[in-house]
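Down below is the structure, laid out as C-alpha cells.
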Amino acid sequence: MDHFVGIDVSLESCVVNRSGATVREAKVSCEPEALIAFLRDLDHNLACVGLEAGPLSQWLHRHLRDTGLEAVLMETRQVKGALKAMPIKTDRRDAVGIAQLIRMGWFRPVHRKSVSTQELRALLGARRTLQKSMISIELSMRACCAGSGSSSGGSAAGSCRTAPANWQAATRC
C-alpha cells in the first residue's frame, strides 16, 4: 500500500496510508541526512513526500530528489487556505494536513529554482542592500556638510573636502 508523507516547515512529519489513516508521526532534525534516514527506516512504500514551499524546503527538496525519493513542493497560499479550516493549528496538525493534501492530490506543485538561480538571487539582494546603505550614507554626509555651511554640489565626498577644518574636530566622538 502506498504511503504519503507530509513535512511541516518546523519538520514535524506525518505518514498516512492510501486510505488516510495516520501510520506514524515524528519530529525530525532539519538536516537532510536525518530526514532521509527517517524516511528510509519507515519500511513503507512511499508514494510521495510533500513539503510546503519555502527557503528550507527548497534545500530539503533537492536532497530528497537526489536520493531518489518522490518529493513535491506545495504552493504555500494554497496549503495555508486548506489548513486554515482546521479548528486547532499546530505544527503536528499541519504535517497531517500536508500529508492528506498529498494523498488526495489537492495541491499545486511549485517549481524549485536551481541552486545557481538561488545564489544569484541572494547576491542581487545583497547588492541592493549595499546600494541602499551607500545612498543613505551619502545623503547623511550631505546633510552634515550642509549643516556646517558647505555647498552640496557634486558628490558628498567632494563637498565635505571643502568643509571647514573645525567641522571635522566637532564631529569626532
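Any idea which of (1) over 30 Å from VAL49 (Cβ atoms); (2) in a helix (DSSP H, G or I); (3) at pLDDT below 90 is the one THR117 doesn't satisfy?
(1) is the only condition that THR117 fails.
What is the one condition in (1) in contact with a helix residue (DSSP H, G or I) (Cβ under 6 Å, 6 or more places away or on another chain); (2) at pLDDT 85 or above that ASP66 does not satisfy?
Of (1) in contact with a helix residue (DSSP H, G or I) (Cβ under 6 Å, 6 or more places away or on another chain); (2) at pLDDT 85 or above, only one is false for ASP66: (1).
From LEU60, LEU46, grab the single residue that is surrounded by fewer than 19 Cβ atoms within 10 Å (Cβ to Cβ) and of a type in the set (A, V, I, L, M).
Answer to the check: LEU46.
Taking the condition of being outside any helix (DSSP H, G or I) and either modelled with pLDDT under 55 or within 44 Å of the chain's Cα centre (by Cα) (or both), how many residues in the stretch 126-163 meet it?
6
Let's see how each residue does on (1) assigned to a strand (DSSP E or B); (2) of a type in the set (Asp, Glu); (3) under 23 Å from the mean Cα position of the chain (by Cα):
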| position | (1), (2), (3) |
| --- | --- |
| VAL15 | yes, no, no |
| ALA26 | yes, no, yes |
| CYS30 | no, no, yes |
| GLU33 | no, yes, yes |
| VAL49 | yes, no, yes |
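Tell me, which residue of the stretch 1-55 that is touching a Gly at 6+ places or on another chain (Cβ under 8 Å) and not hydrophobic (A, V, I, L, M, F, W, C) is nearest to GLY68 (Cα to Cα)?
Taking the candidates together, the pick is GLY50.
Could you please let me know if SER19 is under 22 Å from the mean Cα position of the chain (by Cα) and at pLDDT below 85?
No: the conditions fail for SER19.
Among all residue pairs at least 6 apart or on different chains, which show Cβ distances below 7 Å where the first residue, located in the stretch 108-132, is in contact (Cβ under 8 Å) with a residue 12 or more places away in the chain and the second is in a loop (DSSP other than H, G, I, E, B) and small (Gly, Ala, Ser)?
If the second residue must be in a loop (DSSP other than H, G, I, E, B) and small (Gly, Ala, Ser), the pairs left are VAL110/ALA53.
Looking at (1) farther than 14 Å from ILE98 by Cα; (2) in contact with a Ser or Thr (Cβ under 9 Å, 6 or more places away or on another chain); (3) modelled with pLDDT of 85 or more, which is the one condition that is false for MET1?
Failing condition for MET1: (3).
If I filter the stretch 15-37 for residues that are buried (at least 19 other Cβ atoms within 10 Å of the Cβ) and farther than 26 Å from VAL115 by Cβ, do I get at least one hit?
Looking through the stretch 15-37, at least one residue is buried (at least 19 other Cβ atoms within 10 Å of the Cβ) and farther than 26 Å from VAL115 by Cβ.
The values are calculated or read from the model by the stated rules, or taken from the named source; none is laboratory data. All values reported here derive from a predicted model rather than from experimental measurement. So basically every Cβ, Gly included, is an ideal-geometry build from the backbone, and we count neighbours across all protein chains shown.
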